[in-house]
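The structure appears right after this line, and notes come after that.
Every number in this text was worked out from the coordinates using simple rules, so none of it is lab data. Every value quoted in this text rests on a predicted model; they were computed, and no experiment measured them. A quick note on method: Cβ atoms are made from the backbone with ideal geometry, for glycine too, and the neighbour counts reach across all protein chains shown.
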Amino acid sequence: MKPVRFDYKRPATIDEACGLLAGDDNARILAGGQSLIPMLSMRLSRPSLLIDIAHIPELTTFVETETHIEIGAMVRQAVAQKSELVKTHIPLLAKALGHVGHPPTRARGTVGGSVAHADPSAEIALVAATLGAEITYRVDGTDEIFDASDFFIGPMLTIAPPTGCLTRLSFAKAPAVCGTGFHEVAPRKSDYALASAAAQINFAAGSGVTSIHLGIGSVGDFPERLDVNQLCGTPLDDAAIADAVHAAMQMVETVEDLHATAAYRKRVATELAIRALRDARDEISKDLNQ
Amino acid sequence: MTEQKYKFLSTPRRPVEDRRFVAGRGKFIADLDRPNMLHVAPLASHHAAAVINGIDASAALAMPGVVDVITGAELAAAVQPLMNGLNTPNVRRFPLAVDRVRYAGEWVCAVVAESRALAEDALEKIIVDATPQPFILDAEAALLETSAPVHPEHGSNLLLDRKFVWGPVDDDFDAAAHSLSFSVTWGRNSTVPIETFGVLAEWNGWDQMLDIWASIQMPKYADQIARSLDLPGNAIRVHYDVDVGGSYGVKRGIKHSVLVGYIARKLGCPVRLIEDRLENMRAGDAHGPERKFDITIAFDQDGTVRSMKMRALDNAGAYAGRAPFQLGKPISAIVGPYQINSVAYHALSVTTNKTVQEAVRGFGQAPTNYAIETAMDRVAEYLGMDRLALRQKNLIRKDQFPYLIPSGSYYDSGDYHAVIDKVLAAADYPAMLAERDRLRDAGMMAGIGIAACLEPSGGNSSFEPLLNQSNQTSTWMESCQVNIDALGKLTARIHTTSSGQGHETLVSTVLGEVMQIDPELIRITRPNSLESLPGNSPVGSRMAIMLGGAAARAGEKLKAKIMAIAAHRLGVAIDQLRYEGGDVLAHDGRRFTWDEMVELAHRQYHNLPDGMDPGLASFDIMQVPTGDALPVDDKVQMYPCYSFEFHLLLVSFDPIIGRPDIHSYVIGHDCGTVINPAIVSGMTYGGIAHGIGAALFEEFAYDTNGQLLTQSFLDYLMPSSHEVPAIQIVKHCTPSPHTVFGQKGSGESGYLGAPAAVSAAINDAVSSLGIHFEKLPIRMSAISDAIAAKTS
Amino acid sequence: MNDVTLTINGKPVSGVTEPRVTLLDFLRDVAGLKGTHAGCEHGVCGACTVLIDGTAVRSCLMLAVQAEGEDITTIEGIGGSGARAGELGVIQDAFCETHGLQCGYCTPGMILAAEALLSVNTDPTEHEVREAISGNICRCTGYVQIVDAILLAAKRLGQRNDAVPSDATLA
Amino acid sequence: MNIELNGSEQINTSPVNLWESVIDPVVLQRAIPGCISMTETGEGQYQMTLELKVAAVGGSFEGAVSLSEMNPPHSCIITVSGSGTLGTGGGNATVAITEGDDGNALISYQAQGEVSGLVAGVGQRILMGVAKHLARQFFAALKKEFAAA
């Protein structure tokens, strides 16, 4: 299990990385490598050039703006997991990060790499899609921004430009009062999930629930956002949540493999989505009661 | 609970091997480099079955760093086929496919190159012209006359078809008030050590010697390599001082070794093949049993089980090997720990286009225990009787030992009821039941699993002559050599590799006990096969009994010599002497010290008794206790010792998610006298972890095209620290009357009952819905789907 | 071929390697440190675990060229070496004490995972220990005696902390 | 692993034009994802070389394509078989071309294939999704042929 031969470059800037990418149509970006390197070892992936972006300083930073938190593509998952900015302003991502792989892979795996790799069960991709995070790619010296909600189109497939380099993810700051829920199910704790669900309910004093974000992952070819906004303005009781999720799940197509039937994935995704929404609701209730 | 009659045995002692392993200083096969060593990578067949029309390796051979490409045709012309256990001469097997491939992943040819990476580069350049053929994956289908034989020359897919009737089965069925039938299937899994198999061979033409280092746990390994390579036995030198990174039965590697041995001879270079994980999974030929059981069981209204009919159909994979014998070992405990008067057993093994089986922990006993324990649960369910009470009623009682079972083996000793009582007390069984009910009230599915079973140990491989009459094996000896050097220190030699069993600790502890010397001061070496006495490697839970036995007996022989020297020196009769901590004391208070004795034996021949050889060395080649005879009338004493284990666990799961969570796990374990408590406990914990894997996660699953779907650890799921709970072991000791210290085997403990127990717990949890899970592993998806089907 | 210079167990190591060579293979074949083991080579089993700046990572999921300039600890860097060979670190000693191993193949990775945990959490719960080693598959032990070993090591390190604070993380 | 793909696509050209294109190796080479050569070896027989790349996954593939049961311009069966670094694959597709109300061609296909070797053993989780993606790419390229015209 040894990779094919390839070249390796360590650019110092994003534009240098993009230049290398444009110069070889069989080049690939290497971020944390926790998904790519096993594929190299199995020779499923056969690049001619790997561009290691780990040493581009601006890719490893967090930027806080008034409305958003921007996470550099090379920020390690373990770093993001410990980040106070993430805990405070992207609580859903903070919850999800604990489910990504296990400690040694989180130490090397990156937030951007996970999104670019677009595994159907990736937790970070699910949160990004659920919250409609902005995904920025540098292409030909300019930034192109994609909405994570429609960025993923298949297993390991995205609409990212082939010569682009993912530079950062931008998440809108969660409001002061909001609730989140994240659930996933896997045979073993660190396996690819068989179903996962993420939910965030935003709340504003005076106007109540302002928006509800719900997404499911691992059950189809990519993470999918579910529309349950009809729940805004309702008391969010268990029955209403269940009805809304069941309705939203109706059109979802799920896949089958050795580990789970398509019916299982659908049933469990539905249940996890309900639980995630309930968790989010209960968090708000708790906040409001404090 | 062991009696404190030993100084070193049964006391907490650090295993001596651990020091080098915690420092990363083990000597594993991949750690060995030889100058100018070449590397081998095999090419895997994509097809489940195909005829090979031709292999074009020219592009591969033209690559820099590529030394050779070996094909099956070349190899078959130069080596003998690998040995079969049964008389199936037309099921021929070579390390590389010859003319046709019989499973996806089978090695078609092998590249030899200056590095493993270069060899893999070259594999991609080899063009195999192959015509796909019909293939068969299911064992029942393979039995049909219309099915395509995996080996056309053999004429059918049948490797073994033996019917045994032990006792008055028909009469017992007639007399019984009830009978019921069911089927269960043990999914194809294996022990999957974290170290893959590896072998390094080096030929020295001047010495005419093939040196082999390998990651093996294999009886008669050197003999088989020599036979296949047509070399004299003493031209093969297998180095036993290789640490093996886990085996639990599967590290056999004959095919790898014959291939590498052939290449090493052909090229005159050291050659190494270390399987990568993909090769290990699909073509390491180390899959375990895949077995369907059809059981009919006869019983009375009061729960007395009278008789059992068992049909066991095993899917051996593409070649025969020793796999069919895994249907033979369970004959030694075919009634489990129960008083079942008669048994009919139909053992069937077939070839299919799947990866080849190898010996796996328990050698077929764990699947059989799963079938028997499922039967006990089904009977209890049928009668509306408590599962525990049913077992307690049928268990062999303490006063019945030695107990002769219908298939001809005597169980040596045991107190099954006492072990169960201890477990129930330790687990607080009533509280466990209450917790199950509480979980159920809270909306969870919850169940308690129990399993009682035996670990036959230390045996003679009598399943070989039983299933193959041309095989006349009636010994599986083990041996040990001991020497006291001229400075008075003791060194013992053992003649096998180790894969975590702690043989060095075993032998030093036993010898320390016998010689009354601190085991820390005893050195154990593992020489090569040419410097070794006969042995059969650590299989079948035999080393405590056989290697421990041989070491003890070698020590006793040394002591006898010491006593004779002392008697001569002190001028008193031996019975007037007492051995004490290495010194010999006469009844009159005179002391002949260890140092004096060493000096005398090594330097003062004139002071030795007449005719006595100088030096202080001994050896012992030990015969299997009780294993003296060949089978008669389809019956045989197969194992001298029977360890007992009783599992009790509580499981719960969410009815929608279906992911089993093991709350508490208690096992009662009686393996007689324990030599090293930490080693025995470790084996048991590890066996339970294996069993949890077999019950819930692990399977070599194939798609309908014969492709192995679980080639990586992303799909072949082994329990992590999250899936194995804290486990409580409740110890009991019923010594065996047949062994030197009363010890029995423990290397397979835990694994033999855990799959049955975990399955039982899940089935208990869903029993109110009328669901029976009849195949292992029971995946969470299957649990949830079954519940949904019943409740929607 | 690329030049790689990194620090292994406190000593600078340089080597020439193809970019395709993993850190695992570099450590074993170029640096000659055989205590880091290949188990699955695809990042699941944890046998190849090493520390980078004290954090557990999988050396099969890194290329050697990526490790340029990094500070790596392998099992050979734990416990005594050279003239001090044979001296066990606290965690190693605890593994021997509870027999938290059998075949010894996963053991170096397991000990390094424990090392990484105890360097940041001196008093872990059993659950935290299980989480820390959840990426390290052991087929021999069922983990029970491994968990015991790490909890024992934590206790002993705590005691050492009280006595000789500066020496506490040497393990 | 078995793969089944069914679907239909509308192409902005006449059925006859479309038919000519799908049996034209030059067009096929442009439309088949990763196809770097397509040579005719006989009537309706082609030798094909692919350098397949789907996201991080890539591999080379040498295969034979044959067209049979030709019923121009209505239907045919396309059979593919071959192997490469990722494994061995094969299958066939029944392709039917009909005329829509607007005079444009409607192509429908029913394909089944099987994949063996490495990807079958380690890639089952994503194989079906990737196959769908490749089919989408093929038809997108085919449509582009006629959009440009």
Computed E for B:Asp485/B:Ala77 - FRET, C-beta separation, R0 56 angstrom, nearest 0.05: 0.65
FRET efficiency, 1/(1 + (r/R0)^6) with R0 41 Å, evaluated for B:Arg311 and B:Asp129 via beta carbons: 0.45
Charge dipole (the protein assembly as shown, unit charges on Cβ, about Cα centre) - positive-most of A:Gln200, B:Leu714, D:Leu142: B:Leu714
Cα gyration tensor, region D:2-148 - rounded (a/c under 1.5), prolate or oblate: prolate
Convex hull volume per residue for region B:668-792, taking Cα atoms only, in Å³: 161
Mean Kyte hydropathy of 0.0 or more with a Cα span along the axis of at least 15 Å, helices from DSSP in chain C: C:107-120, C:144-163
Amide H contacts of A:Met156 (H built 1.01 Å from N, under 5 Å, at least 5 apart or other chain): A:Asp119
Phi-based couplings in Hz for region B:355-367 (Karplus 6.51, -1.76, 1.60; Gly and Pro marked x): 4, 6, 7, 9, 5, 10, 2, x, 6, x, 6, 5, x
Spacing of the two label points (7 Å from each Cα toward its C-beta) at D:Glu40 and B:Val51, in nm: 3.3
Kirkwood-based shape ratio for the protein assembly as shown, expressed as Rg/Rh from alpha carbons: 0.98
Under-5 Å amide H pairs with B:Cys641, H placed in peptide plane, nonlocal only: B:Ser457
Spacing of the two label points (7 Å from each Cα toward its C-beta) at D:Val26 and B:Lys5, in nm: 9.7
Whole-Å distance, taken between Cα centres, linking region A:21-87 and region D:58-95: 38
Inter-probe distance in nm under a simple model that places probes 7 Å from Cα toward Cβ, at B:Ala425 and C:Ala85: 5.1
15 Å cut-off, amide nitrogen to a point 7 angstrom out along C:Asp53 Cα→Cβ, residues in region A:39-68: A:54-62
Among beta bridges that DSSP assigns inside region C:2-77, antiparallel share in %, nearest 5: 90
Karplus-derived HN-Hα couplings along region B:399-404 (A = 6.51, B = -1.76, C = 1.60, θ = phi - 60°), whole Hz, x at Gly and Pro: 7, 9, 7, x, 10, 8
Relative pair counts by distance (%), Cα atoms of chain C, 5 Å bins: 2, 9, 18, 22, 20, 15, 9, 4, 1, 0
R0 of 35 Å, Cβ-Cβ distance D:Gln110-B:Leu769: FRET efficiency to nearest 0.05: 0.30
Cα gyration tensor, chain B - rounded (a/c under 1.5), prolate or oblate: oblate
Built amide H within the under 5 Å cut-off of C:Asn2, gap 5+: C:Thr17, C:Glu18
Options B:Gly233, C:Leu51, D:Gly113, ranked by Cα towards positive dipole end of the protein assembly as shown, top entry (Cβ charges): B:Gly233
Hz values of 3J(HN,Hα) by residue in region B:590-597 - Karplus curve (6.51, -1.76, 1.60), Gly and Pro given as x: 6, 10, 9, 7, 4, 4, 5, 5
Region B:205-312: chymotrypsin sites (Phe, Trp or Tyr not before Pro) falling in loop per DSSP and having at most 16 other Cβ within 10 Å: B:Trp206
Distance cut-off 17 Å, percentage of C-alpha pairs in region C:82-164 lying past it: 41
Counting DSSP beta bridges with both ends in chain B, the antiparallel % (nearest 5): 75
For region B:41-159, with +1 on Lys and Arg beta carbons and -1 on Asp and Glu, the positive-most of B:Trp107, B:Pro134, B:Pro89 along the dipole: B:Pro89
Extension reserve of the B:Gln392-B:Gln208 stretch, reckoned as 0.36 nm per residue once the Cα distance is removed: 60.1 nm
Spatially proximal aspartates and glutamates relative to B:Lys422 (Cα-Cα < 16 Å; intrachain offsets below 8 disregarded): B:Glu645, B:Asp670
Cut-off 13 Å between beta-carbons: net charge of the residues surrounding B:Ser147, Lys and Arg +1, Asp and Glu -1: -3
On Cα atoms only, tilt of D:124-148 relative to the major axis of chain D in degrees: 30
Among B:568-577, B:325-334, the order from most to least packed when residues are scored by Cβ within 10 Å on average: B:325-334, B:568-577
Region C:39-115: C-alpha gyration tensor shape, a/c 1.5 cut-off, then a/b vs b/c: oblate
Chain B - mean residue ellipticity at 222 nm from DSSP helices (-39,500 (n - 2.57) per run, n ≥ 4, rounded to 500): -8500 deg cm²/dmol
